[in-house]
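The values are calculated or read from the model by the stated rules, or taken from the named source; none is laboratory data. Since the structure is predicted, the reported quantities are computational estimates derived from the model, not experimental observations. Cβ placement follows ideal geometry from the backbone for every residue including glycine, while neighbour counts extend to all protein chains displayed.
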Amino acid sequence: MERYLFSELNAGRLRTCCQVRDRGLHPDLWRTLALPLTDDERRRAADVAAQLSQVAVSLLNEATVWARGIYPLLALAERYPFRAWAQVPMSAEIGHVRLEGVLDGAIGNCISGTLDLPYLVVLEAKRGLEGSDPRFALHGQLLAAAALNRQATGDEEQEIFGCYTIAQAWYFIRAQVTGLGSGIPTLVLDTSREYVEVPDVEAIAGVLKGIVARGAAKLSEAADALGSSLEPTAFGHL
């Protein structure tokens, strides 16, 4: 079995795991998905933007940007039982390939104080000499997350969300994954426009809130279908 770290993925290696159909920018999808913020959420989002507006974000290291600008917005979107996490190890087998690595962040179903399954995966892109195109790594993470969710629910088709950030720019991706029971699944991708955190902070928070609400609704539907709450034994852990 071949083994790739998410950070090692490129176009060629990704093709050994799946077929990718990139449908490009779909601004209407994200406008429809986004939910309005409450007054408290709007205030918290404004606080994040205010902190970033006082510094040169491009000169900050990734850890500082994560702490000041990324994680606070992920935490703002939390909704039981979905929680935001940082530095999440994840691995999954897709056909003859094993994908693994550590997610910069994720939002997903939380059981007994641990992240059970991710519904949104987050990648903070490296900058400077260490920088590379973050999309291949994120596509691999989306594929792995979909495979884990498929193992847990038995559903052959999975919808998973991701985003990658570069300094204060955010890009969201929806992945619709089919054929997970076959050798080569298909990954269909829809991408958002670029959101810049200071002027677009409410829009980013609204999209995150909408993604989490969508995931929570799907989890509730799955629980109803099973006739009971989804217990830890119903899922494969990361």
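Observations
- Scanning the range 139-176 for residues that are under 23 Å from residue 24 (Cβ atoms) and either without any contact (Cβ under 8 Å) to a residue 60 or more places away in the chain or acidic (Asp, Glu) (or both) yields a total of 18.
- Test: residue 151 is in contact with a strand residue (DSSP E or B) (Cβ under 7 Å, 6 or more places away or on another chain), surrounded by fewer than 22 Cβ atoms within 10 Å (Cβ to Cβ) and not aliphatic (A, V, I, L, M): no
- Of the residues making up the range 126-135, none is crowded, with 18+ Cβ neighbours inside 10 Å, out of contact with any Lys or Arg (no Cβ under 8 Å at 6 or more places or on another chain) and in contact (Cβ under 8 Å) with a residue 40 or more places away in the chain.
- Identity of the residue in the range 1-13, over 18 Å from the mean Cα position of the chain (by Cα) and surrounded by fewer than 17 Cβ atoms within 10 Å (Cβ to Cβ), that ends up farthest from residue 142 (Cα to Cα): 1
- Residue count, the range 174-192 (criterion: surrounded by fewer than 21 Cβ atoms within 10 Å (Cβ to Cβ), at negative phi and touching a Ser or Thr at 6+ places or on another chain (Cβ under 8 Å)): 3
- Any strands (runs of 3 or more DSSP E) falling wholly within the range 52-133 and containing at least 3 residues that are more than 18 Å from the chain's Cα centre (by Cα) and under 20 Å from residue 144 (Cα atoms): 97-111
- Within the range 108-136, being of a type in the set (Lys, Arg) and either closer than 28 Å to residue 214 by Cα or modelled with pLDDT of 75 or more (or both) holds for 126, 135.
- In this entry, residue 151 is excluded by the filter for residues that are in contact with a helix residue (DSSP H, G or I) (Cβ under 7 Å, 6 or more places away or on another chain) and under 26 Å from residue 180 (Cα atoms).
For (1) hydrophobic (A, V, I, L, M, F, W, C); (2) within 16 Å of the chain's Cα centre (by Cα); (3) at pLDDT 95 or above, each residue gets a yes or a no:
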site: 188; (1), (2), (3): yes, yes, yes
site: 197; (1), (2), (3): no, no, no
site: 200; (1), (2), (3): no, no, yes
site: 203; (1), (2), (3): yes, no, yes
site: 206; (1), (2), (3): no, yes, yes
site: 210; (1), (2), (3): no, yes, yes
site: 216; (1), (2), (3): yes, yes, no
site: 220; (1), (2), (3): no, no, no
site: 227; (1), (2), (3): no, no, no
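- Lone qualifier among 16, 38 - being over 21 Å from the mean Cα position of the chain (by Cα) and over 25 Å from residue 126 (Cα atoms): 38
- Against the numbered list (1) touching a Lys or Arg at 6+ places or on another chain (Cβ under 7 Å); (2) closer than 18 Å to residue 148 by Cβ; (3) part of a helix (DSSP H, G or I); (4) not basic (Lys, Arg), residue 14 comes up short only at (1).
- Look at the range 81-104: where a residue is at positive phi and a partner is part of a strand (DSSP E or B), sitting 6+ places away or on another chain with Cβ atoms under 7 Å, you get 87/102; 101/5; 101/90.
- Single residue of the range 149-172 satisfying the filter (in contact with a Ser or Thr (Cβ under 9 Å, 6 or more places away or on another chain) and closer than 22 Å to residue 116 by Cβ) that is modelled with the lowest pLDDT: 156
- Restricted to the range 28-46, and to residues there that are assigned to a helix (DSSP H, G or I) and in contact with a helix residue (DSSP H, G or I) (Cβ under 8 Å, 6 or more places away or on another chain), the residue that is surrounded by the most Cβ atoms within 10 Å (Cβ to Cβ) is 45.
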